[in-house]
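Student: First, the structure itself, so that you have it in front of you.
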Amino acid sequence: MAKIIDGKAVSQKIKEEVRAEIERDGLKVGLAVVIVGNNQASRVYVNNKKKACEACGIQSYEYALPEETTEKELRDLVRTLNDDPNVNGILVQLPLPKHITEKKIIKTISPKKDVDAFHAENVGRIVIGNYAFLPCTPAGVMELIHSTGTDVEGKECVVIGRSNIVGKPMAMLLLHENATVTICHSHTKNLAEVCRRADILVSAVGKADFVTADMVKEGAVVIDVGMNRNAENKLCGDVKFDEVEPKASYITPVPGGVGPMTIAMLMKNTLMAKRLQSK
């Protein structure tokens, strides 16, 4: 029977630490969040980020732009925020409307204010291990693994999914802690067999109930990054929780696992940005 990794509790601790540091040093920290269009899921995320800013003592600046905003208008806004000394972090909520190229917008954000760590410069820094910011979700996953007392060094780790946002940086972070890492994807042969080797299994594939018990090694740490809807329209992860939980040593629930950590790490990155800019 697995122990449940409580993402809410771990994230709350991180947010309290961020607030304590800001208050102790009398810092003024600002995060600009830009949302374009009327995507309801994006609106929920943005509202949650605003609440987290308030809890941490970070000033939140929201820029809600209409769907028809042009790519040039959005890039001009980002450049203005790059130059604003009150703004330490810039987050452009994805996805953007189809007529706007996400890569161009991400490239426009100053690497020093790129608290999502999506800019090519920050991605390169993560690969070579010389980074200031880490992508929020993979960084949150590492915090959850550490919270279990699991030593990553020497462990066999499998990451399902190779996205630029989660899968690839997740593998890099595990590698930096001396794990042996395998990245699996849609072309991986004998996927279940590969997954069964994992002491730590991280699923970020985005398919409901994708990971079943026959894919999990007895006693593995299982981290579910997925955020999906099942046939009953209920929120669920990639992992078939009821089936996998008896085999795992630790497991994250959905909701209440990785989700809260992403926003907590965003707060931590914003504070880090302030520190770097002050230097």
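The values are calculated or read from the model by the stated rules, or taken from the named source; none is laboratory data. Values in this document were obtained by computation on a predicted structure and should not be read as measured data. Cβ coordinates were reconstructed from backbone atoms using ideal geometry, including for glycine residues, and neighbour counts include every protein chain displayed.
Student: Farther than 23 Å from residue 144 by Cα and not charged (D, E, K, R): is that true of residue 26 in this structure?
Tutor: Spelling it out, residue 26 is indeed farther than 23 Å from residue 144 by Cα and not charged (D, E, K, R).
Student: What do you reckon, is residue 143 among the charged types (D, E, K, R) and in a helix (DSSP H, G or I)?
Tutor: Against the criterion (among the charged types (D, E, K, R) and in a helix (DSSP H, G or I)), residue 143 qualifies.
Student: Touching a His at 6+ places or on another chain (Cβ under 9 Å) and either assigned by TED's automatic domain parsing to the domain that holds residue 157 or of a type outside the set (A, V, I, L, M) (or both), is that true of residue 211?
Tutor: Details: touching a His at 6+ places or on another chain (Cβ under 9 Å): no; either assigned by TED's automatic domain parsing to the domain that holds residue 157 or of a type outside the set (A, V, I, L, M) (or both): yes.
So residue 211 does not fit the description; no.
Student: In the stretch 132-175, which residues are surrounded by 18 or more Cβ atoms within 10 Å (Cβ to Cβ) and among the small types (Gly, Ala, Ser)?
Tutor: 139, 140, 161, 167, 171
Student: Anything in the stretch 121-131 that is surrounded by fewer than 21 Cβ atoms within 10 Å (Cβ to Cβ), in contact with a helix residue (DSSP H, G or I) (Cβ under 7 Å, 6 or more places away or on another chain) and either without any contact (Cβ under 8 Å) to a residue 24 or more places away in the chain or assigned by TED's automatic domain parsing to the domain that holds residue 192 (or both)? List them, or say none.
Tutor: 121, 131
Student: Restricting the first residue to the stretch 155-168 and requiring it to be of a type outside the set (A, V, I, L, M, F, W, C), which pairs with a second residue that is assigned to a helix (DSSP H, G or I) meet a Cβ separation below 7 Å and a spacing of at least six or different chains?
Tutor: Close Cβ pairs satisfying both conditions: 161/167; 162/168.
This table checks each residue for (1) in a loop (DSSP other than H, G, I, E, B); (2) modelled with pLDDT of 95 or more; (3) surrounded by 14 or more Cβ atoms within 10 Å (Cβ to Cβ); (4) in contact with a helix residue (DSSP H, G or I) (Cβ under 7 Å, 6 or more places away or on another chain).
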residue: 60; (1), (2), (3), (4): no, yes, yes, yes
residue: 67; (1), (2), (3), (4): yes, yes, no, no
residue: 79; (1), (2), (3), (4): no, yes, no, yes
residue: 103; (1), (2), (3), (4): no, yes, no, no
